[in-house]
Each structure stands twice: as C-alpha cells, then as structure tokens.
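Please treat every number below as a calculation from the coordinates, not as lab data. Since this is a predicted model, take the numbers as computed values, not measurements. Glycine gets a Cβ as well: all are built from the backbone with ideal geometry, and neighbour counts include every protein chain shown.
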Amino acid sequence: MKKESALNKNSLEFEVHSRKSGSSVSRQLRRKQLIPAIVYGPGQKSIPLSLDIRFAEKYSKKEYENKIFTFKSDEKNLNGLKVLKKDISYHKLTRKPLHMDFLSLDMSKKVRVNVEIHFTGKSKGVKESGGVFNIIRRNVEVECLPAEIPDSFSIDISPLDINQNFHVSDLEIPENIKLITSLKASLCAVSEITEEEESKTTEAAAAGTEADAAAPASPTTTTAETNKKEDKS
C-alpha cells in the first residue's frame, strides 16, 4: 500500500521506486499509474525513479512549491532522501504530470530558491486617483538553509501613490535569508491612465457591445486534438 505522511510544516513523505531509463519503460510505468522521475544534486549521481501518479498530481500544485519532500523506498540510496521539486513536465491537453525532477538536499547546506511575493491591500493611487496597479515581479531569489525556506513574502501596497513603486529593498526579509535578486529590482508600481489609453479602452468596449448586438446566436462547438508528448527519461 502506498504511504504518505506529514513530517512537519515543511516536509512530506511519499513512496518512490528505482527504475530503468528509456521511453518504453516510461510508457509501461504510466500504464501502471506511475510516472517517471529523476533525482540529482551536488556530488550525487542522478537516479531514475518512479512515483504514484496520485502523489505527483497532488504535489505538483503551486501550494507545494518549495516544500521539502522525504522519499520512502526499499532502495537504500533513495530511502530517507530529502528533496525539492525542481521541474515538472505536463501533458499538453490533460495538464497531468508526465515527469518530475527532484533536487536532493543536504540539510546543512544552503540552497537557492525562488519565493513568491504576496501583494496585500489596495494602493492609495488606485483608490484616490484612479491609477492602475502593475505587478512587475512576482517572486525573488533567495539563499538559505532548506529548513528555513519561507512560504512567501508579503508587502502592503496601501501607501503606494500615483507614479510610485516598490523595490526588492522594500521587502522585510529575515536575517537568516540572503537575497540574491538585486535590491534595486522593481516589484510593483502605480501609474496614471493616459488619455490615449482611456480612449482606446472606451472604443474597445463600444466595439464589443456593437459586435455582440449584431452577431446571430449560434451553438458553441469545441474540437480537441490529442497531442503525444515525447516521453522524458
């Protein structure tokens, strides 16, 4: 029986198996509801493996980004290995995972990861002056120990007025986290709506209304094509 368990806030455990390489092997695995994967890291030889498709679908979601996973396996070189998701290949139509890459971790050594930024509140420039809020960067690269990887960073955009912006330097970063992204890099900005932009928006809205009124009613049809993706070994 497949097993999974929460070890702590940042670590999850699931079962993996060693496998042979090759596209034919990958196809056989998928027929058994398994997907091929690989784990690699500094000073470690790459190891081909497989895991249950259910775990792959669950942990490929955004909410598990930068979470530490612990492998459970009968293979000594895999059992207990702590890893991060590195890359995922998806089917073009179903969006189901086809292949996963994992990075093996030494918990005593620092790693570099991208951490998402959450923008909270509503900016002064938007509320009071009718400006437009633009997100320029949605994450920053940091370096820290694996156990100290933050889930996200937050920044309150409430004080941001027209023609103002926030930079990476405006983020509150714990002392144990080193920023790799330049402090001068822009995160977000509030800009004015120019007369030209306002005119284009009005014209587009009017054109859309006229087109909707003139168009005859018709049933909606969809066509799906099956695309085959090359198996990744």
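What the table below lists for this structure:
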read-out	value
Pair T194, D156: separation of 7 Å Cα→Cβ label points (nm)	3.4 nm
Rounded if a/c under 1.5, otherwise prolate or oblate - segment 19-149, Cα gyration tensor axes	oblate
Where trypsin sites (Lys or Arg not before Pro) fall in DSSP loop in segment 38-79, at most 16 other Cβ within 10 Å	K61, K67, K76
Long-range amide H partners of L34 with built H, under 5 Å	I53
Cα gyration tensor shape of segment 111-191, rounded if a/c is under 1.5, else prolate or oblate by comparing a/b with b/c	prolate
Segment 98-155: GluC sites (Glu not before Pro) in DSSP loop, at most 16 other beta carbons within 10 Å	none
Sum of side-chain charges, R137 neighbourhood, beta-carbon under 15 Å (Lys, Arg +1; Asp, Glu -1)	-1
